[in-house]
Amino acid sequence: MAGFNSVADLKPFKTMWRVKVSIVRLWKQYSAAGGLTIEMVLIDSNGDKIHASVKKELVNHFDHQLEQGKTLTFTNFSLNHSVGSYRTTNHLYKISLLATTRVRSCEALPVGLNGFTPVNFQEVLDGSLNPDFLIDVIRHVVEVSHVEMISVNGKETQKISLELRDLADVRLPMVVWGNFVSDVTNAIQLRGEGRVILVLRFGKIKVWKEDRSVSNAYNVSDVQLNPNMAKVEAFRAMLPADELQLAIVESKPLTVASGVSVKDDFFIHTPRKTIAEMIECRQVEKCIVMCTISAIETDMVFS
């Protein structure tokens, strides 16, 4: 697009970038250290995606302009390295909106451009996929457990276990937490004679010893059952005609895809900063810094 930079070209050596993107996912996230922030996943006309954030100081400034599904232009923003274990895209960098960032409405990108890229189950199971990156899944629900109430970080949280299968009948366990549990149970009850197809966007690969599974990851994930999507209908049409019945089973032990650990909670809710951002900080706060040790001083003098 003339006058616009592509998402693939964005690098942190300047701020005067200009992109035309659609917001494919938007959520608000709160942490004690970072306060309330707005998090987004953006996609351009080439299908390339990048994460974007609005810091707490600017939430009120941009909140009314940002909406999931809207196509917007963003001009003048900074870029930082994308790190951590809950990355929404494979882009090396992520966008941070500035007080001087300009956001404008514009004509929409193609409707089908939603960034939904389902993964291969076998790549999850054999460890080919990096669990630091969130994934998309579309699969047939063949097994569901009863709902449980689990204490996660001191709060009672709903949990339900599922087993999903792909077109080759490869099975993958999944655990759904929180408000999405009600969506799953409602879809199961209303399924009639039809098959239940689950779509998970921005799900987390969980690793327990050598076993792998998937689960939703806080507010970033989106879980839908039998959504009106062309890919869902295409997947349903290709399922084997074996009339496999949905099995209702007892709840499974908390091993694979277990609850959110204290370690996971820390890395999700603690803001990440560069060394430059730490130097500019004027208040005491907790943060995560990902860096490389360039040298170690060994010539110490003790008095």
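The values are calculated or read from the model by the stated rules, or taken from the named source; none is laboratory data. Please read all numbers here as calculations on a predicted model, not as lab measurements. In this analysis, Cβ positions are derived from the backbone assuming ideal geometry, glycine residues included, and neighbour counts consider all displayed protein chains. Please note that ligands, DNA and RNA were not included when accessible areas were found on the heavy atoms of the full protein model with its side chains. Shrake-Rupley method; radii C 1.70, N 1.55, O 1.52, S 1.80 Å.
Within the set of pairs 6+ apart or on separate chains, which have a first residue in segment 1-12 that is buried (at least 17 other Cβ atoms within 10 Å of the Cβ) and acidic (Asp, Glu), a second that is modelled with pLDDT of 95 or more and part of a helix (DSSP H, G or I), and C-beta atoms under 9 Å apart?
Once the first residue is buried (at least 17 other Cβ atoms within 10 Å of the Cβ) and acidic (Asp, Glu) and sits in segment 1-12, no partner that is modelled with pLDDT of 95 or more and part of a helix (DSSP H, G or I) comes close enough.
Using the structure shown, decide if residue 163 is surrounded by 15 or more Cβ atoms within 10 Å (Cβ to Cβ) and of a type in the set (Asp, Glu).
yes
For segment 82-101, name all the residues that are in a strand (DSSP E or B) and surrounded by 14 or more Cβ atoms within 10 Å (Cβ to Cβ).
87, 93, 94, 95, 96, 97, 98, 101
Condition check: touching a residue at least 60 places away in the same chain (Cβ under 8 Å) and open to solvent by 50 Å² or more (accessible area, probe 1.4 Å). Does residue 131 satisfy that?
Considered against the rule, which asks whether it is touching a residue at least 60 places away in the same chain (Cβ under 8 Å) and open to solvent by 50 Å² or more (accessible area, probe 1.4 Å), residue 131 comes out as no.
Please give the strands (runs of 3 or more DSSP E) falling wholly within segment 142-238 in which 2 or more residues are within 20 Å of the chain's Cα centre (by Cα) and modelled with pLDDT of 90 or more.
Per the criteria, 155-165, 171-177, 197-208, 211-216, 222-225.
Could you list, in sequence order, the residues of segment 30-71 that are assigned to a strand (DSSP E or B) and of a type in the set (Lys, Arg)?
The one that is assigned to a strand (DSSP E or B) and of a type in the set (Lys, Arg): 49.
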